[in-house]
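Below is one structure, written out as structure tokens, with a few remarks after it.
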Amino acid sequence: MTSLDHHTTATTGDPVRLAAVARAVLACPAGVNLVVDGVDDVLGDLGDPGAGGAGELGMQDLGGVPTFSAPVGTRLVDAAQRGRRALLTLESGLGRLASDDRDATLTLGGRLASQGRESCECCREVRETIVLLVDVVVLTLPRADGQVRVPVDAFGSADHVLNRGYLQRSAEHANLCHQVELRRAVSTTTGTRLAEVVGVSLADLSAHGVEVQWVDLEGSHSRQLRFPRTATSTDDLGDLLRSELHAGLC
């Protein structure tokens, strides 16, 4: 496996800006791939990708820490228990398809570590929580800076918790999974019958506010909601969003 430790990438540009972009890609990837030193096909025994399990690596960004979950006894769990080095490559899912934002690629190098086990109540499967302890961050921006090394401390900063990728994914999740709550919020706020609110979409979600777009029997509408204060954390953002929408949006 090619290790990032020996790449000759330059650290150029504003480290805060580069870290913000890197964290946004981590929070909003279009594709994820993991390669582990000394382990062939580390994802091969995670299950059938076609069955929704497996060969596809599920990953969560928890405050800048790439986090995975895998069944006990798999090669990925064994690699984590042995503390093997790994490369995680993420393709950008930022912005619209075919936009320049999608050209970015983030590569993270580090050591895998096990964070304990948990049991699924419904299927009783025991799974291991695994993290990648990042010590190398390389961001590739083909149409701008090229390949640049991002300072690890800047990458891990809590200042980037409400990064662009997290905000995009949050809005997408709300639009896809919480239509009932969104429609009810618009119905309550505007005095429109719930049955007449055809669909609702959140756009341009930020720490300062959100644009609510909806369609009812009279046509399409848009309203900009400004939060009474700037959100400072993911929980704070959720509280402000729920408060402004007047609904139990999760």
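The values are calculated or read from the model by the stated rules, or taken from the named source; none is laboratory data. Predicted, not measured: the structure shown is a model, and the values here were computed from it. No Cβ is skipped: glycine too gets one built from the backbone with ideal geometry, and neighbour counts run over all protein chains shown. Protein only, heavy atoms only, side chains kept; ligands, DNA and RNA dropped before computing areas. Shrake-Rupley method; radii C 1.70, N 1.55, O 1.52, S 1.80 Å.
Structure values in brief
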item: Heavy-atom accessible area per residue - the chain, 1.4 Å, Å²; result: 52
item: Rounded to 10°, Cα long-axis angle of helix 164-177 versus longest principal axis of the chain; result: 60
item: The chain: most fluctuating residue of 62, 139, 18 per GNM, C-alpha cutoff 10 Å; result: 62
item: Using alpha-carbon coordinates, inclination of helix 234-245 to the longest axis of the chain, degrees; result: 20
item: Mean separation of Cα contacts under 8 Å (6+ apart) over length of region 98-250, as relative contact order %; result: 15
item: Among [x] 27, 20, 18; [y] 30, 20, 15; [z] 36, 23, 16, the entry derived from the coordinates for semi-axes √(5λ) of the Cα gyration tensor in Å; result: [z]
item: Computed helical MRE - 222 nm, the chain, DSSP H runs ≥ 4 contributing -39500 (n - 2.57), nearest 500; result: -7500 deg cm²/dmol
item: Residue of 194, 76, 43 that the Gaussian network model of the chain assigns the largest fluctuation, springs spanning Cα pairs under 10 Å; result: 194
item: Cα-centred dipole magnitude for the chain, charges only on beta-carbon of K, R (+1) and D, E (-1), debye, nearest 20; result: 280
item: Nearest-20 debye value, region 77-202 charge dipole, Cβ charges on Lys, Arg, Asp, Glu; result: 140
item: Given the chain, longest segment not containing exposed loop GluC sites (Glu not before Pro) (DSSP; at most 13 other Cβ within 10 Å); result: 1-120
item: Sulfur and carbon atoms: percent of accessible area, the chain [1.4 Å]; result: 48
item: Cα gyration tensor shape of region 105-198, rounded if a/c is under 1.5, else prolate or oblate by comparing a/b with b/c; result: oblate
item: Of 93, 146, 63, the one that fluctuates the most in a GNM where the chain has Cα springs shorter than 10 Å; result: 146
item: Alpha-carbon centroids, region 59-86 and region 112-184: separation in whole Å; result: 14
item: Which of 21, 38, 89, positive extreme of dipole for the chain (C-beta unit charges); result: 21
